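Take a look at the structure set out below.
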Amino acid sequence: MRRLKCEKETIILTNEDDGFYDVYTFNQSLQKRLRAFAEKYPDDCWLKGSSEDGSETYIIKKGRLSLNLRPPYSKDRIHKATERIIEEQKEQSKDS
């Protein structure tokens, strides 16, 4: 059965008593990164299971996974970055 994109979830489960995270995901990029990490560090991360519909579940020790919260860029930073990109494009077009 084909799933809708909104049904292809990534779920990270844990509890305060356990020393592990369960990471259930359909995300191909995340699966690839978890697979590579599990191959390199098999004592810290391993594949728990996969399904025919494309999901994989990994077990990963706490302390090996982090969430990085990034504040939004300021309008000034966006403006400066846009100006740099425009200047670089102008330089490239001159060289062509």
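The values are calculated or read from the model by the stated rules, or taken from the named source; none is laboratory data. Keep in mind that what you see is a predicted model, and the values were worked out from it rather than measured. Glycine also receives a Cβ, built like all others from the backbone with ideal geometry; neighbour counts cover every protein chain displayed. For accessibility, only protein heavy atoms count, side chains too; no ligands or nucleic acids. Shrake-Rupley method; radii C 1.70, N 1.55, O 1.52, S 1.80 Å.
Restrict the search to segment 38-96; then list the trypsin sites (Lys or Arg not before Pro) that DSSP places in a loop and that have at most 13 other Cβ atoms within 10 Å of their Cβ.
62, 64
Return a whole-number percent for the relative contact order of the chain, with Cα pairs under 8 Å and 6 or more residues apart as the contact set.
Relative contact order for the chain comes out at 22 percent.
Per DSSP H run of at least 4 residues, take -39500 (n - 2.57); add these up for the chain, divide by its residues and hand me the 222 nm value, nearest 500 deg cm²/dmol.
Mean residue ellipticity at 222 nm (helix-derived): -12000 deg cm²/dmol.
Compute the helix-to-body angle for 75-95: its Cα long axis versus the longest principal axis of the chain, expressed 0 to 90° and rounded to tens.
60
At 10 °C and 1.306 mPa s, grab the translational diffusion coefficient of segment 33-87 from Stokes-Einstein with a Kirkwood Rh over Cα pairs, rounded to a whole number in µm² per second.
108
Estimate the FRET efficiency between residue 24 and residue 73 by the formula 1/(1 + (r/R0)^6), using the beta-carbon distance for r and 25 Å for R0, to the nearest 0.05.
0.20
Once both labels are modelled 7 Å past Cα along the beta-carbon direction, what's the residue 84-residue 16 spacing in nm?
A separation of 4.3 nm, rounded to one decimal place.
Hey, what's the Cα Rg ratio for segment 3-69 versus the globular rule of thumb, 2.2 N^0.38 Å?
1.10
Count the lysine pairs in the chain whose Cα atoms lie under 22 Å apart, taking only pairs 8 or more positions apart in sequence or on different chains.
14
Ignoring everything but the protein chains, give the 1.4 Å probe accessible area of residue 14 in square angstrom, nearest 10.
70
Considering only protein heavy atoms and a probe of 1.4 Å, how much of the accessible area of the chain is carbon and sulfur, as a whole percent?
On the chain, the fraction of accessible area on carbon and sulfur atoms equals 51 percent.
Just grab the label-to-label distance for residue 32 and residue 61, each label 7 Å out from Cα along the Cβ direction, in nm (one decimal).
A separation of 2.7 nm, rounded to one decimal place.
Compute the long axis of helix 28-40 from its Cα atoms, compare it with the longest principal axis of the Cα atoms of the chain, and write down the angle in degrees, 0 to 90, nearest 10.
60
Report the GluC sites (Glu not before Pro) located in segment 20-96 that are in a DSSP loop and have at most 11 other Cβ atoms inside 10 Å of their Cβ, or state none.
Taking segment 20-96 and a limit of 11 other Cβ atoms within 10 Å, the loop GluC sites (Glu not before Pro) found are 52.
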